[in-house]
Structures are given as C-alpha cells and as structure tokens.
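My questions will all concern the structure given below.
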Amino acid sequence: DESVLEYVSTETLGERTFMLAAFERNGLALQYVAPELRSDRDFMLTVLQRNGFALRLADMALRSDSEVVAAAIAQDRRAIKYASSSSSEIHSSPITCHLGHGLQHLRATHGCYVCDKCESGIPRQSMLWSCSLCCFDLCKACNERLELSIGEGAPQGVPASGSAVSMAHEVPTMTRAHGGESQTQERCYMVGSWDGWKEPVELTSASDEDGRSCFRARVPLLERTGVVKLEIVDAEQASARYVVGHQRRMWKVLVPAKTQLLEVVRRPSSHERVSFRFLTGPEVTLGIKHFRCEDAYWSTPGPFYLRGSWDEHRGMTQMQLVAADGGACVAIVHLEAEAVPMCMRFQIVQDRDVAQCFYPDPEQPNAVLGPGLCDAAAGWEIQLPAGCKRLHVKWDPRGQRSIECTLFGALDELSEIPRPPPSARYSVIGSWDGWQQPVDFMTAGISSLHAHIMVREIPGVAEFQIVQDKNLHLRFGPALGTNMGEVVGPTSEDVWRWFAGIPRGCRWLRVVWHPHRQRHRVSWSCLAASGEPLAPDRHARAALAALRGSGAAAMS
C-alpha cells in the first residue's frame, strides 16, 4: 500500500533508488516523491518511460522541457495535457467506465454529479471525467490517481461487443391500447441500497400534479444517506429477491442533506420517465430530479468468490477489489505446502451462487465462459510444484475477461509445472475413492509422467488403472497374471488392475507412467509426508497376501 510512505522520512523520499523501487511496486508512490526528485531530469525521464502521466508530478520547468514532454508523449500521447507549454491540450484519459467506454472531459453544469470512485459530490463548474452512456463519473483527483496506478498507457477494460449488455434485463414497460390509454400494467417494484437490496417496494397507481397516470412509492432514508442506488424490477424478479452484484441497469442519485423520504414516480409513455423527490416530511419537498429510463447505468458485477479442489470445493474465498484497477479483484489461497507436486482446479463464483460460475472455454484458449452452472471439473487447472504455500488469483470481469495466477513458496515466487504434450492426456483411477475421480498425470521428465495420490487406508492395498483422455473405454492395465510386467491397452474390454501395497507412514502413492515409448511401462512407489520414499513393510506385504488369498477379482 502506497500510504505507508506517509511514515517514511523526507530524506528517504528524496533517494532516487528508493523511489524508483517504490514506483516499480506501486505507481501511486510517486505522489510522495520529494521536491528535489520532481526537478531531477534523469529521474523523471526514467519514470516517464513507464508512465507518461507522471508528467503531472514534474516541476514546472520540466513540464516545459521538450525532451521530457516528448518522453511522456512517447509513452502515451494523452499525457500532453500535463505539459505546461501545450498550445492544444488533448483532454483524454486511459481510464474507462466499467463497460470500457472512453471518458469525456467536461465541466459540471450542475451540482448533482457524484464520483463513482470516492462517492464525493462534484461541485458545479468543476471539471470531471464522464461516460454519459453509463452514468459513470470520476472527479479529477480520482482520475489522476488511476492514471498513475495503471503503469501503462493503454485504455483499461475495453469489453467484447455486447458482453455486458447481454446479461441484463429491460425495464418493465406498459402495454398500451390503440387509443393510447393504458390497458394493462405489469406490476413493478423497486429495490435499492437504502435497506441493502432486501425488500422490494411496490409502485402503486396514482396521478401526478397534472392529472396524468403514474406509479409511485416512498421509502424512508437515514440521515446523511449520500448516494442512493435503485432498480425497478418486475414481479418475477421481485419474488426471486434481488442479488447484489448481478450486472443490471439501475439509477444512482445524489441525495440532498436532511432528506427523510425518497419518493419515486414512474410515468409510462413512449419515453418512460422516472422522477425522484426528496422530502423532509410528507409534504415538504427539498428537490426533484427527472430521468429517462435509458439514463440508467450498468452496475459493476460482483462480489466474486474463489472455489477450488484444495478443500474439495466445499468453501468459498471472497475476492477483494483492487482499488487502483477499477473492476479487477484478487484472492489469496493458503495451501499446505505439500512435499509433492499437485494439480488444483478452481472456478470463479458470483454472489456465492454455484449457478453463476465462470470457467475456461475448452475450445478457445484464454476465453472465459459464464456465468452459468458447470461441473467442478470444468474449472481452471493449475499444476503446483512441491512446496507451494500460496496461490494468488487475479480476476478481471470486464470486457473479454481474464484471469492470472501466481504461485509462491516459503520465500520466493514459484513457476507452474510445464504441462504434458497436448496429443493425449492420461489419468489414474483407483480404489482410494471408489474409482470415482481420475487423477491427472503431470510432467516428470522428457518422456515420463507421474501422479501423486493421497492414500487413506494405511496399511492396505491400492488398486488402480490408467485411462486416456478420461475415457473409461480407453483403459490400460497389466497383462494377465502380472503386476509389473507388460501393459495392455488402450482398450474398452475388461483389463486387470495393478495392486500397490501401502506401508505404515505412507501419505502418497506415486505412479510413474511412460506412454511415449514403443511399449508402455508403469511403476510406483510410496512416499512419506516429507516426500521421502518408503520401502514395503510386513504390513503392506500381509495386506497384499490377504487380498490374493481371498480370491478378489483383479479384472474390471
């Protein structure tokens, strides 16, 4: 967090090496740079190569320096707006709204604007950045902070065509007769932030001051509410309850001080209008604001949760919004740092609703599907090296949507294990879970794969087979009467199973598979929790002998 620099001495903030390192970690650190560095030409040239918008923090002399200004423009031409000698300012910003639209630089013509970042009111005649399509506004200070934090000049969050709009519903409309009179009216309700989106309030039929038909409702507000957000929904949506975070169309209204009641009036017409009245009592009006239905804005989706195989998909880890990044969010999963490599799968879940999952598209690399219902096996797969203690997942739901994973050990960042060749994928299935879930093989060498299975019956016997592409009709097993010899398969016919004796102290069964040789070969070993190999003991040999003596079937 850049705010820790508030406690750093002035001498340290003037050290070039320290501030460059801080800037590498967080672009917002430049806000604390000492005056002597703001006038240091070499320092500013180094910084401007990474973020042209840092020109705003240079002293006035450097902002008039042609080479310094050229360095800023080379990184992002829009940084010219901070050059003191610019004769034709380019008022554009790399920051976008949540749907990826570019922001316009304009002056507030009234005092009803509110910043979507800090939720502060924007005074009349003040400059702001705005997306009129989405009712998204940024004050000057928040836009400048976001420009410093992005580190690159490219626009942030450009979406795929229609990616957000397709998820929303339309505002309920009137059904009209030929004569223009209202024939039937769909019952509609409003839900909003005044009670945490809990209880729908029905809009009842009434007449306005001019005697025209309208629908209205009132809700009490707490003092100093500030900003109210609300949505008008139909009866079906109201009965299903509002789910916070779904991408929907809603209104955002700045509430005057001392408001006790909010009255919402909806006038059905060819261009539906919604009006908001702010009252201190039943009849005392503080102000009125009018909107057309198309003035409603799209809400940012979320909250999001991480759900994965580290706890068998039982729990969910909430993802925290990255303030400097707008719509991106991150989650950290703490792992047990096992002594063997592991394969993990996870999904992104919206609003704790497993029917609102995001998952990778199996047909297109890097594409994301959802939200929708999917099997747990359809999530992202990441192959963890031994000793991995933390998994960091960054999820950006904007535009084409993207996900980034970073692995950490006890001290340093770790690299994911390379994936096997894409020709065929192999898994091992066995008796440890009733032959239910295949365990994927991971790369172990140039021509070999291995899988690690956590054993549960100690001492005992583990039975297993190998399958190709998770297809039970493509199975491998030992030749008749052997346990370590020739391999048969792939075949859809019944094949024998391999038997592995599990000694005391065993935590992992390691199966090594050589699929790329002319003759397939398989071997296995037992490992302790530390990863050290264990030799067969008398308990494992007794369990194997008992299984063979009982005449248990070795075919499946």
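Between D353 and T10, how many nm apart are label points set 7 Å from Cα along the C-beta direction?
That separation, rounded to one decimal, is 5.6 nm.
Here's another thing I want to ask about it. Given a cut-off of 26 Å, name the pairs among K117/K229; K81/K394; K140/K252; K117/K198 whose C-alpha atoms lie farther apart than that in the structure shown. All intermediate terms of the calculation are to be shown ahead of the outcome.
Numbers: K117/K229 14 Å; K81/K394 32 Å; K140/K252 20 Å; K117/K198 24 Å.
Violating the 26 Å Cα-Cα cut-off are K81/K394.
Add +1 for every Lys or Arg and -1 for every Asp or Glu among the other residues with Cβ under 12 Å from the Cβ of M454, and state the total. Spell out each step's value before the answer.
On the way: positive: R456, R507, R510; negative: E312, E336, E338, D433, E457.
Once all neighbours under 12 Å are counted, the net charge is -2.
Roughly how many Å² is the accessible area per residue of region 414-540, as a whole number, for a 1.4 Å probe?
Details: 6460 Å² over 127 residues.
Per residue, region 414-540 has an accessible area of 51 Å².
A follow-up question, please. Fully extended, how many nm does the chain gain between K140 and H105 (0.36 nm per residue separation, minus their Cα-Cα distance)? Show your work: numbers first, answer last.
Details: separation 35, 0.36 × 35 = 12.60 nm, distance 0.94 nm.
Separation in residues times 0.36 nm, less the Cα-Cα distance, equals 11.7 nm.
Still on this structure, please answer the following. Grab the beta carbon distance between A410 and V284, set R0 = 56 Å, and tell me the FRET efficiency rounded to 0.05. Please list the in-between numbers first.
Working: r = 65 Å, r/R0 = 1.15.
The pair A410/V284 has a calculated efficiency of 0.30.
What nm value, rounded to one decimal, do you get for the distance between D208 and S492 when each label is placed 7 Å out toward the C-beta?
Computed distance between label sites D208 and S492 equals 6.9 nm.
Please give the peptides 487-495, 530-538 ranked by average Cβ packing (other Cβ atoms within 10 Å per residue), highest first, as a rough proxy for protection. Don't skip to the end; give the middle numbers.
Numbers: 487-495: 15.4, 530-538: 12.2.
Ranking, from highest mean packing down: 487-495, 530-538.
While we're here: Net charge near V495: determine it from the other residues with C-beta under 14 Å of the C-beta of V495, scoring Lys and Arg +1 and Asp and Glu -1.
Working: positive: R475, R497; negative: E463, E486, E493, D494.
That sum, taken over residues with Cβ under 14 Å, equals -2.
Quantify, in whole percent, the carbon and sulfur part of the accessible surface of region 401-443 (1.4 Å probe; protein heavy atoms only).
On the way: 1260 of 2420 Å².
About 52 percent, which is the carbon plus sulfur part of the accessible surface.
Given a Förster distance of 56 angstrom, what is the FRET efficiency for L20 paired with D433, based on the Cβ-Cβ distance and rounded to 0.05? If you can, show how the numbers build up before the last one.
Working: r = 53 Å, r/R0 = 0.94.
Calculated transfer efficiency: 0.60.
Full-extension gain between Q125 and S402, please, as 0.36 nm times their residue separation minus the C-alpha to C-alpha distance. Before the final figure, lay out each step's value.
On the way: separation 277, 0.36 × 277 = 99.72 nm, distance 3.83 nm.
So the chain would gain 95.9 nm between Q125 and S402.
Which is farthest toward the positive dipole end of region 449-501 among Q468, I453, W496, measuring Cα position about the Cα centre, with Cβ charges +1 (Lys, Arg) and -1 (Asp, Glu)?
I453
Same structure again: So, in nm, how far is label I446 from label R541 when the simple model puts each one 7 Å beyond its Cα toward the Cβ?
Using points 7 Å along Cα→Cβ, the separation is 3.7 nm.
From the Cα gyration tensor of region 395-514, with a ≥ b ≥ c the square roots of its eigenvalues, which class applies: rounded if a/c is under 1.5, or else prolate if a/b is larger than b/c, or else oblate?
On the way: a/c = 2.16, a/b = 1.55, b/c = 1.40.
Prolate, since a/c reaches 1.5 and a/b exceeds b/c.
Compute the signed sum of charges (Lys and Arg +1, Asp and Glu -1) over the other residues within less than 13 Å, Cβ to Cβ, of W524.
Numbers: positive: R497, R510, R521; negative: E463.
Overall, the nearby charge balance is +2.
The values are calculated or read from the model by the stated rules, or taken from the named source; none is laboratory data. These numbers were taken from a predicted model, which means no experiment stands behind them. With ideal geometry, Cβ positions are generated from the backbone for all residues, glycine too; neighbour counts draw on all protein chains shown. Remember, those area values only see protein heavy atoms, side chains included, never the ligands or the DNA or RNA. Shrake-Rupley method; radii C 1.70, N 1.55, O 1.52, S 1.80 Å.
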